[in-house]
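The values are calculated or read from the model by the stated rules, or taken from the named source; none is laboratory data. Remember, predicted model here, so these are calculated numbers, not experimental data. Here the Cβ is made from the backbone with ideal geometry for all residues, glycine too, and neighbour counts use every protein chain on show. To get the accessible areas, we keep the full protein, side chains included, count just its heavy atoms, and leave off ligands, DNA and RNA. Shrake-Rupley method; radii C 1.70, N 1.55, O 1.52, S 1.80 Å.
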Amino acid sequence: MSNRLLVGRYELIEKIGEGGMATVYKAKDRLLNRFVAIKVLRPEFTKDAQFIENFRKESQAAAGLTHPNIVSVYDVGREGNIHFIVMELVEGRTLSDIIKEKGPLEYKETVNIMKQVISALALAHNHGIIHRDVKPHNILITQDGVAKLADFGIAKAINDSTLSDSKNNILGSVHYFSPEQARGSYVDERSDIYSTGIVMYEMLTGKVPFDGDTAVSIALMHINDTMKRPSELVGGIPPVLERIVLKATDKVQTNRFKSADEMLKELENIEFLSAKVGDSILAGAEPKKVEEPEPVVEPRKKIQKKEKKKLTKKQLYIIVAACVCAIPILYFILTGVGLFNDSKYVPVPDLKGMTIEQATDILEKYDLEIKEGQPTVSADVNKDLVCMQDPVAKSKVKRGTVVTVKLSTGKKQGVVPNLIGSNIDDVEKMLESFGLQLGKVTYRDDAADEGAIIEQSPASGEQADEGAYISVVVSKGGGQLVPNLIGKTVSEAKELILSAGYKVGSVDYEESNAYSKDYVMWQSEDPNTKASKGTTIDITVSKGAPSAGDSDGQ
């Protein structure tokens, strides 16, 4: 597609990247005479009208964000069935490439990069925009060390319940999914905070905390498994930084940082502490021992004289009485300044399953206040009972702290997750996490891989009561996937169609600025999807650029 002209303005020069949703080109904006990056959506996404509409709206919203750590969006356009975004061209490398090359990064470098990323998220969140796909692949680092976050809003166009497509295009993203994204639940700013915490984990350790063979298995780990502490894998990580990572990646949204601004302040505090106490002490190293001067030994005669001096009974009674009296006084003084114990701190009681009245009474006994938050659906707590609380149970807080509780709206209907493309071996455990059960399983010959689910009932996105059965149809294999014909010559396309067991349908020709002459630019059956043997596949072939665009393109 390089050296082509889009909408008579953007000249594609060379391909510089490719991902699950789009291909990225370096291009020149002829109107403004500047180089830009253009992200062209993959053909399989362009036939979904709802996706395209969401894509357009979210990209336009992202275009309103102006921040030094956000890749600027200049334009959103379309030519024929080609949908694209025009963005700032960033000369640099992705954070994923840097981690792959260097392995674990120094904690100072991690803090520096993440401060920039979180600053970008804070601006977006304040404008009501959630990224939904924070990962090292979407963080670009310039040659001057400036971090820039890309792809704002694009992920929202993808159905949140979709964990992978037939090509596992979203497998890379699921390593950074929040538990609520994996469950297809409500996503907010704290979902971005979770993903950011996972990115920090990978920067500090060189590894993601959860990995597996399929997107579903990784998603289930985010929901159910406990991650290893970064310090268990790599030494020298400051405990205060590790606590930030663990708080950001808490599986319960309310236990994470309440905002990106709050997380940013914590990272800034690390830099302050590092400047005050030094890197080695901050990272938990033992401080160097200061050699004390040798004690001066008094002459033996004086020591002997002192040893001979004995206390009378009266003097001994006075000293003991003074010590006994001093103990409560000392206790009172130290307690008053908070040095002796934590009597002004209390453990937060576990309120789960209580009514709001019961929770209020319990908290009063602990000198704690109560605030009722937004009710939420719960899979295991009955209606009008506490199902979530912040701070969490057993954590120690100051007396007078406000504990926010959320009441369950009951074991109501939930959203059925997307099982298509998942392996039958992973599905039962996945359904359990949604409060659902595996129903009737039917097997049949299909082009999909053996064991892959090709149909489900109820369908993805429908409502189902807790404990409902989800029936599936599983591929027995033995078929061929529809070949990808885009970018092939007519003869190559026909040969691929016939060799896969399908029939060649109509061959139409249309003008195009994006595709070279005699190359396929559309096919009636989506590539890498299932189709019955003998299905007819139509194709549309480029006639080349229209005569008006061959002159000057202006």
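When both residues are 6+ apart or on different chains and their Cβ atoms are under 6 Å apart, which pairs have a first residue that lies in the range 5-16 and is over 12 Å from Arg34 (Cβ atoms), and a second that is open to solvent by 60 Å² or more (accessible area, probe 1.4 Å)?
Close Cβ pairs (under 6 Å, with a partner that is open to solvent by 60 Å² or more (accessible area, probe 1.4 Å)) amount to Leu12/Met1.
Please state which of the following conditions Ser185 fails to meet, knowing it meets all the rest: (1) small (Gly, Ala, Ser); (2) under 19 Å from Lys406 (Cβ atoms); (3) crowded, with 21+ Cβ neighbours inside 10 Å.
Single failed check for Ser185: (3).
Return the residue satisfying two criteria in turn: it lies in the range 427-446 and is at pLDDT 85 or above and part of a helix (DSSP H, G or I), and of such residues it is most open to solvent (accessible area, probe 1.4 Å). Walk me through it before giving the result.
First, the residues of the range 427-446 that are at pLDDT 85 or above: 427-428, 431, 436-443.
From the residues that got through so far, the ones that are part of a helix (DSSP H, G or I) too are 427-428, 431.
Values: Val427: 0, Glu428: 100, Leu431: 0 Å².
So, considering only residues that are at pLDDT 85 or above and part of a helix (DSSP H, G or I), the one most open to solvent (accessible area, probe 1.4 Å) is Glu428.
Take the conditions touching a strand residue (DSSP E or B) at 6+ places or on another chain (Cβ under 9 Å), at pLDDT below 80 and surrounded by 15 or more Cβ atoms within 10 Å (Cβ to Cβ) and apply them to Ala452. Does it pass? Step through it out loud before you land on a result.
Numbers: touching a strand residue (DSSP E or B) at 6+ places or on another chain (Cβ under 9 Å): yes; at pLDDT below 80: no; surrounded by 15 or more Cβ atoms within 10 Å (Cβ to Cβ): yes.
So Ala452 fails the test.
Are any residues in the range 33-57 at pLDDT below 90 and over 26 Å from Pro527 (Cα atoms), and if so, which ones?
Result: Lys57, single match.
In this structure, is Leu485 open to solvent by 10 Å² or more (accessible area, probe 1.4 Å), in contact (Cβ under 8 Å) with a residue 40 or more places away in the chain and over 28 Å from the mean Cα position of the chain (by Cα)?
no
Could you say which residue among Ile270, Ile244 is in a helix (DSSP H, G or I) and modelled with pLDDT under 95? Before the answer, list the steps.
On the way: Ile244 fails: modelled with pLDDT under 95.
One residue alone meets the criteria, Ile270.
Only one of (1) at pLDDT 90 or above; (2) in contact with an Asp or Glu (Cβ under 6 Å, 6 or more places away or on another chain); (3) of a type outside the set (Val, Ile, Thr); (4) open to solvent by 10 Å² or more (accessible area, probe 1.4 Å) fails for Asp261. Which number is that?
Of the numbered conditions (1) at pLDDT 90 or above; (2) in contact with an Asp or Glu (Cβ under 6 Å, 6 or more places away or on another chain); (3) of a type outside the set (Val, Ile, Thr); (4) open to solvent by 10 Å² or more (accessible area, probe 1.4 Å), the odd one out for Asp261 is (2).
Sort out which residues of the range 351-406 are aliphatic (A, V, I, L, M), in a strand (DSSP E or B) and over 22 Å from Lys251 (Cβ atoms), and write them in order of number. Full working, then the answer.
Of the range 351-406, the ones aliphatic (A, V, I, L, M) are 351, 354, 356, 359, 362-363, 368, 370, 377, 379, 381, 385-386, 388, 392-393, 397, 402-403, 405.
With the extra rule that they be in a strand (DSSP E or B), the set shrinks to 370, 386, 388, 397, 402-403, 405.
Residues satisfying the conditions are Ile370, Val402.
Pairs needed: first member in the range 258-280, more than 21 Å from His125 (Cβ to Cβ); second member anywhere, modelled with pLDDT under 65; C-beta distance under 6 Å; at least 6 residues apart or different chains.
So the pair list comes out as Leu273/Leu282; Ser274/Leu282.
Looking only at the range 499-529, count every residue that is among the small types (Gly, Ala, Ser), under 30 Å from Gly421 (Cα atoms) and surrounded by 14 or more Cβ atoms within 10 Å (Cβ to Cβ) and tell me the total.
Residues flagged as among the small types (Gly, Ala, Ser), under 30 Å from Gly421 (Cα atoms) and surrounded by 14 or more Cβ atoms within 10 Å (Cβ to Cβ) within the range 499-529 amount to 4.
Would you check if Gly128 is at pLDDT 90 or above, of a type in the set (Gly, Ala, Ser) and more than 30 Å from Asp449 (Cβ to Cβ)? Spell out how you get there, then give the answer.
Working: at pLDDT 90 or above: no; of a type in the set (Gly, Ala, Ser): yes; more than 30 Å from Asp449 (Cβ to Cβ): yes.
Against the criterion (at pLDDT 90 or above, of a type in the set (Gly, Ala, Ser) and more than 30 Å from Asp449 (Cβ to Cβ)), Gly128 does not qualify.
Tell me which of these Glu495 doesn't satisfy, since it passes every other one: (1) outside any strand (DSSP E or B); (2) in contact (Cβ under 8 Å) with a residue 24 or more places away in the chain; (3) not aromatic (Phe, Trp, Tyr).
(2)
Looking only at the range 35-51, which residues are without any contact (Cβ under 8 Å) to a residue 24 or more places away in the chain, farther than 11 Å from Ala22 by Cβ and assigned to a loop (DSSP other than H, G, I, E, B)? Before the answer, list the steps.
Just the residues of the range 35-51 that are without any contact (Cβ under 8 Å) to a residue 24 or more places away in the chain, to begin with: 42, 48-50.
Cutting the leftovers down to farther than 11 Å from Ala22 by Cβ gives us 48-50.
If the condition is that a residue be without any contact (Cβ under 8 Å) to a residue 24 or more places away in the chain, farther than 11 Å from Ala22 by Cβ and assigned to a loop (DSSP other than H, G, I, E, B), then Asp48 is the only one that fits.
From the list Leu220, Leu241, Leu233, pick out the single residue that is open to solvent by 10 Å² or more (accessible area, probe 1.4 Å), more than 16 Å from Glu180 (Cβ to Cβ) and in contact (Cβ under 8 Å) with a residue 24 or more places away in the chain. Spell out the reasoning first.
Working: Leu220 fails: more than 16 Å from Glu180 (Cβ to Cβ); Leu241 fails: open to solvent by 10 Å² or more (accessible area, probe 1.4 Å).
The unique qualifying residue is Leu233.
Looking at Val472, is it among the β-branched types (Val, Ile, Thr) and in contact with a strand residue (DSSP E or B) (Cβ under 6 Å, 6 or more places away or on another chain)? Explain how you work it out, then say what you get.
Values: among the β-branched types (Val, Ile, Thr): yes; in contact with a strand residue (DSSP E or B) (Cβ under 6 Å, 6 or more places away or on another chain): yes.
So Val472 fits the description; yes.
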